[in-house]
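This report refers to the structure that appears directly beneath it.
The values are calculated or read from the model by the stated rules, or taken from the named source; none is laboratory data. Because the structure is a prediction, the values reported are computed rather than measured. Here the Cβ is made from the backbone with ideal geometry for all residues, glycine too, and neighbour counts use every protein chain on show.
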């Protein structure tokens, strides 16, 4: 028996006319931790689905543990020891921890009845294997994301997993939870279980993975031990272009777009004062709960400030609601585009004009022709990867969705655009595009506020960065004086 | 630690949905006893039990559908169809027999349930739309093809069984009798409880109600489970409808229609979440009991009918608010 667990060669798969995989090879040894990296839409998820039997490949060969499979079904894959932990973990929020863990095992052993004592024993044993301690009787809906993930891992291990594939496992975890997850992965590795982590986060790849496979446009573009990849090579392989980390220093003039004087909102932030000049990009950062996001929400009227004054273009304005904010030309790109920024089921085009429908209303009638023109214009201008404005927005990748959220506000011709986490969950290529769009805006005289915890992003794009700590303004720094280490020290410093 | 877990468990029991309904029921009973002590006795319980009888059978069906993440508004039409068509068939063919009537009505229910199962499981039509459609379809079919007039001349055995009592209680106000049919919902409660709690089939109903995609990926046969649900519900609804006819000793095409909202309300008051995944037999029994206690005793207390409608509406809203506030509290509570 060789020590290669999974070997796929020449996997091809197309959907309709689009070739998602163009002949990919991948090999995973027993007990290996491999990272599968690539930008959104590169074919990562398709490859996982082929390996787990959810999709059948058009061409190519899958060999698991020395056995060749012509048409791999999900059940074959599970029996062969392949387990996928999806981003949403596929847990049942309404069932207890114990049942969630034991359910699959019972299902696979074809039990007809439920022995609750046995369910608890199975769950207890599975948790002991990875050293997890979660109360068994609690409903999973009450668990934190990290613990839900532990439940999913326990469940995977129960099925006698030999390869666990994790899809973006760290997206919603705190630093400490990530460390804990990595401990568990190492524990699995010691037991000879291979792990494949799908990610596009560089730092994690370095920390946990031994080997790396990078996909781009459905092809494997690079592969090798992790230490052969430095940051530029990693990014180059993933995006196919050299992405320089350019520093942008907008030229500001003395015209104030926005003057915020001593605004407060109980439980969120107190006495915040700052100015925004024409041609300026202002960054706001802080730890979670520091009030950074809440300032954005206040300026956009979602959770208005209760005291203090806001002036735009020298005139005092009242922002008590989103309507007030929009009337004054404020746009807001929310942190969670899926729930707050987009109409997921509606077409891309409809999303681009969602905030400006009124401007197409002439004498009680909507000007559909103008609307259509705007839709096409934004798709082209922002290079959204979409064939037309018709498909629903949920079919786009994160980066392209975010461009559409931007387009929605750009179409309102804002005077001030607030972006909360503009590039969260966006791949590197689209990130660069989005930064370029922002620079174009600033050049047109729009005031831009970027709220983010992505420190390199702030240093690259902003003139000044406000630091929030515990709801108070802890300081305002010129980014020319800052680097990442200094900024992160400032963030966590005790006031 | 262990002690703490124990006290928390006890605290959870006392603040659970079922307990809240029990508090409300207790409050109602005290109120009724205070206003009209004579109405408060064994007779009250017997009357309430009798009036709960068919509603409880329907509510258990509705609960199963709600747990699976669906909603069924077709059962009044199905029950009406089964009881009326069965009675008409037996009267015209001149056959008699209580058990036989249940078998025929149950078989009809099975067929109708298969229709719902096909629409929901195979065609993937949202349950509300599917059952709205079948409700109208089946009720319309009954009125057009089977008949519209009340049937009051039941065959002798079937007529007789409605007057069979398990026991009777003599009170000042008269005789209160507990119908023999009370056994049906009791047996059904036990069956449904066992099904939901101790079989993989029952757990798969919870699983698809919790997250249908997860259930699919975990290897549950969602389609088969849905077929089972609607066919099982069909059979029970058919038997429930027949029970209704035998109790009332007549079959008509209208009386059950429109009862779905009250049944759904009872199930939701009993702690089932309309979004699926939650609910249990005890809660549903309590929900049905509460609604029946209120509506029965308000009559005895001389409250005008339109006030009853108002009060039951109020009760439903309060009950649902409590459930949803609790669900929200869980959602916002610090995660473990």
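Quick look at the values:
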{"quantity": "Count of residues meeting criterion [surrounded by 16 or more Cβ atoms within 10 Å (Cβ to Cβ) and away from chain B (no Cβ under 11 Å)] in the range A:84-103", "calculated": "2"}
{"quantity": "Qualifying residue in the range B:284-302 (condition: closer than 20 Å to residue B:204 by Cβ and outside the structural domain of residue B:147 (by TED's automatic domain parsing))", "calculated": "yes"}
{"quantity": "Residue match in the range A:406-423 (condition: farther than 21 Å from residue A:297 by Cα and touching a residue at least 12 places away in the same chain (Cβ under 8 Å))", "calculated": "no"}
{"quantity": "Filter result for residue A:294 (within 18 Å of residue A:324 (Cα to Cα) and in a strand (DSSP E or B))", "calculated": "no"}
{"quantity": "Check on residue A:106, in contact with a strand residue (DSSP E or B) (Cβ under 8 Å, 6 or more places away or on another chain) and surrounded by fewer than 21 Cβ atoms within 10 Å (Cβ to Cβ)", "calculated": "no"}
{"quantity": "Criterion (away from chain A (no Cβ under 14 Å), in contact with a strand residue (DSSP E or B) (Cβ under 7 Å, 6 or more places away or on another chain) and assigned to a helix (DSSP H, G or I)) met by exactly one of B:182, B:236", "calculated": "B:182"}
{"quantity": "Condition check for residue A:345: in contact with a strand residue (DSSP E or B) (Cβ under 8 Å, 6 or more places away or on another chain) and surrounded by fewer than 16 Cβ atoms within 10 Å (Cβ to Cβ)", "calculated": "yes"}
{"quantity": "Helices (runs of 4 or more DSSP H) completely within the range A:139-232 that count 3 or more residues being within 14 Å of chain B (Cβ to nearest Cβ)", "calculated": "A:145-158"}
{"quantity": "Selection count, the range A:341-365, where residues are under 30 Å from the mean Cα position of the chain (by Cα) and part of a loop (DSSP other than H, G, I, E, B)", "calculated": "9"}
{"quantity": "Flag if residue A:24 is without any contact (Cβ under 8 Å) to a residue 60 or more places away in the chain and either within 11 Å of chain B (Cβ to nearest Cβ) or within 30 Å of residue A:426 (Cβ to Cβ) (or both)", "calculated": "no"}
{"quantity": "Qualifying position, being surrounded by fewer than 14 Cβ atoms within 10 Å (Cβ to Cβ) and on the phi > 0 side of the Ramachandran plot, among A:314, A:308, A:323, A:291", "calculated": "A:314"}
{"quantity": "Residue count, the range A:67-83 (criterion: crowded, with 23+ Cβ neighbours inside 10 Å and at the interface with chain B (Cβ under 8 Å from one of its Cβ atoms))", "calculated": "0"}
{"quantity": "Residue in the range B:208-219 that is within 12 Å of chain A (Cβ to nearest Cβ) and assigned to a loop (DSSP other than H, G, I, E, B) present", "calculated": "yes"}
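Yes/no per residue for (1) at pLDDT 90 or above; (2) under 15 Å from the mean Cα position of the chain (by Cα):
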| position | (1), (2) |
| --- | --- |
| B:166 | no, no |
| B:177 | no, no |
| B:184 | yes, yes |
| B:194 | yes, no |
| B:200 | yes, no |
| B:206 | yes, no |
| B:210 | yes, no |
